[in-house]
Amino acid sequence: MKRLHFFIIKSFIGPFFVTLIISLFVLLMQFLWVYLDDLVGKGLDLEIIGEFIVYTLALLMTNALPLAILLASIMTFGDLGESNELLAMKAAGISLYRIISPVIVLSICLSIGAFFFSNRVIPEAYRKLYALMKSIQELKPEIVVKEGVFSNEIDGFSIKVGKKSRNGDMLYDILIYDHRDHKGDVNVTVADSGTMKITKDKKYMILNLYSGQSYTELKTDDHRKTTYPSRTDKFSNWTIRTELQDMELARQDEGMFKNQYKALNNKQLLLIEDSVSREIDKVREQYSLGLNYFGPVSTGLNQIILHDPTKITTPVLKHYYEIESLVATLDHPNKIDVIESALNTARNNMRSIQVAEDGIRLSLRNYNRFDIEWHKKYTFSLACLIFLLIGAPLGAIIRKGGLGMPLVVSVVLFIFYWIMSTTGEKIARDSVSGVWHGVWFSSLVFLPAGLYLTYKAANDSIVFNAGAYADFFKKLIFWKKKRIIDENVEG
């Protein structure tokens, strides 16, 4: 039996690592495509690019690992079924439960590891990745001088090149506007040729110009002048050295993202949820105390005091909260004033309530994000086990190996799971339902489906035969008709 278990695990491990790499690669390409504009043309070192990819792969593991388990399990047991090895095991008296038990144990271990990975590694990777992305976004693009187009990427200079050599080392017909003095286009340089180099530390640009002239307009502080003197300098070799700003990657502080819900572990999430919950209760209490419930009543009471102080008797005070009785004691002008005051107070209260609702809704949405992330760390680990319970029996039923049919089935099932998970999270985030119901909805649907498929595959039951289901419904309809006839006969 140990040899059999070793054989099953060995058959599963190979496809698992292959499908995990493929899944990570596909998801990585999609992620890079989204942020392509922020990465291209920045002249990033291989070390920075490698660091960016490693952090990204850590975040993508939440989707790649369950998908890889699903696809690998379908491929493994599909291959065993297609080669009749699964049939031979069953003929030897080994049940499907015992056949897939080593893979289930392995999946449980992966699930436990996935939880600790999502609770410890992913928050750290999230902080580092988005701090690095922020640094890259603020990094200026690499200086690229194009033919016939002014380049303004160098601070204080506007450069135009008529032609470039094939390897790009030599520039011809160079026109440069020097704006370092912030006085406009008063300094112009023309050169027949030249070279431009950036130091290795990307702090300085060195521009060597050959056979050219420099024109400088000598402006003065007297704005009444309309003409100014100028100076022309000819040169055979001239070197311009200028400091470059924001060309070197400046690391952003990871603490900027430490309070975001994806950058926290479960213990930190619970602390944040507690503080946000107290804040929501505080806001509710503040707005409830701030509402003016008795403004119109107080106004009416003041009108009575001004009109006839003798009416302030015990019966009037006794009916202080009976607005109709209070208003009835007033004359017509004072009654109108009380009603208008009541309407204004009601409108102000409505506006205050609306502001309070918007603030509480925003705070509650923020609270739900932290709560959802807390639950997702558990659903991610459980998904690894669920997809094995679906994939293993499904492969035994389909009996098709390779990447063809298993890939199609896996992608369809995973997309369906992803849609249910995303929809449930959105519903939970908007407080349409409880967070627990929204986040765990997809797991509660797929887990019984996996157990059902495992039971059917273990008993060699027909699952994907439409004729079997048609016969079942025919029998059900026939049974109902027979029952109606028996009832009519008895009646």
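A single entry from Thr19, Thr56 fulfils the requirement of being polar (S, T, N, Q), more than 19 Å from Lys134 (Cβ to Cβ) and surrounded by 15 or more Cβ atoms within 10 Å (Cβ to Cβ): Thr19.
Residues of segment 108-118 that are surrounded by fewer than 23 Cβ atoms within 10 Å (Cβ to Cβ) and hydroxyl-bearing (Ser, Thr, Tyr): Ser111 alone. Of the residues making up segment 414-443, just one is among the hydrophobic types (A, V, I, L, M, F, W, C) and either at positive phi or not in a helix (DSSP H, G or I) (or both), namely Val432. Screening the candidates Leu44, Leu59, Leu28 for the property of being out of contact with any Lys or Arg (no Cβ under 7 Å at 6 or more places or on another chain) and assigned to a loop (DSSP other than H, G, I, E, B) yields one hit, Leu44. Applying a threshold of 9 Å to beta carbon distances and a minimum spacing of six or more residues, or different chains, the list of pairs starting in segment 270-284 at a residue that is assigned to a helix (DSSP H, G or I) and ending at one that is loosely packed, with under 14 Cβ neighbours inside 10 Å reads Ile272/Asn259. Every condition in (1) modelled with pLDDT under 85; (2) surrounded by fewer than 19 Cβ atoms within 10 Å (Cβ to Cβ); (3) not in a loop (DSSP other than H, G, I, E, B) is met by Glu51 except one, and the failing one is (1). Of the residues that make up segment 36-46, is at least one in contact with a strand residue (DSSP E or B) (Cβ under 9 Å, 6 or more places away or on another chain) and either surrounded by 12 or more Cβ atoms within 10 Å (Cβ to Cβ) or within 27 Å of Lys262 (Cβ to Cβ) (or both)? Scanning segment 36-46, I find at least one residue that is in contact with a strand residue (DSSP E or B) (Cβ under 9 Å, 6 or more places away or on another chain) and either surrounded by 12 or more Cβ atoms within 10 Å (Cβ to Cβ) or within 27 Å of Lys262 (Cβ to Cβ) (or both), so the answer is yes. Within segment 88-118, the set of residues being of a type in the set (S, T, N, Q) and modelled with pLDDT of 85 or more comprises Ser101, Ser107, Ser111, Ser118.
A Cβ distance below 6 Å, combined with a sequence gap of six or more or placement on separate chains, defines the contacts here; from segment 334-349, residues that are touching a residue at least 12 places away in the same chain (Cβ under 8 Å) and in a helix (DSSP H, G or I) reach residues that are among the hydrophobic types (A, V, I, L, M, F, W, C) and surrounded by fewer than 17 Cβ atoms within 10 Å (Cβ to Cβ) in the pairs Asn349/Leu291. When we screen Gly93, Gly113 for residues that are outside any helix (DSSP H, G or I) and in the same structural domain as Ile13 (by TED's automatic domain parsing), the only hit is Gly93.
Kindly indicate whether Leu39 is in contact (Cβ under 8 Å) with a residue 12 or more places away in the chain and closer than 17 Å to Lys134 by Cα. Taking the combined requirement at face value, the residue satisfies it.
For every residue, the table says whether it meets (1) more than 30 Å from Tyr261 (Cα to Cα); (2) assigned by TED's automatic domain parsing to the domain that holds Gly212; (3) in contact with a Pro (Cβ under 7 Å, 6 or more places away or on another chain); (4) surrounded by 14 or more Cβ atoms within 10 Å (Cβ to Cβ).
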{"site": "Val105", "(1), (2), (3), (4)": "yes, no, no, no"}
{"site": "Arg120", "(1), (2), (3), (4)": "no, no, no, no"}
{"site": "Leu132", "(1), (2), (3), (4)": "no, no, no, yes"}
{"site": "Gly148", "(1), (2), (3), (4)": "yes, no, no, no"}
{"site": "Tyr172", "(1), (2), (3), (4)": "yes, yes, no, yes"}
{"site": "Ile176", "(1), (2), (3), (4)": "yes, yes, no, yes"}
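Residue count for segment 1-45, restricted to those that are over 30 Å from Gly404 (Cα atoms) and more than 26 Å from the chain's Cα centre (by Cα): 4.
The values are calculated or read from the model by the stated rules, or taken from the named source; none is laboratory data. None of the values given here were measured: they were computed from a predicted structure. Cβ sites come from the backbone with ideal geometry, for glycine too, and all protein chains shown count toward neighbours.
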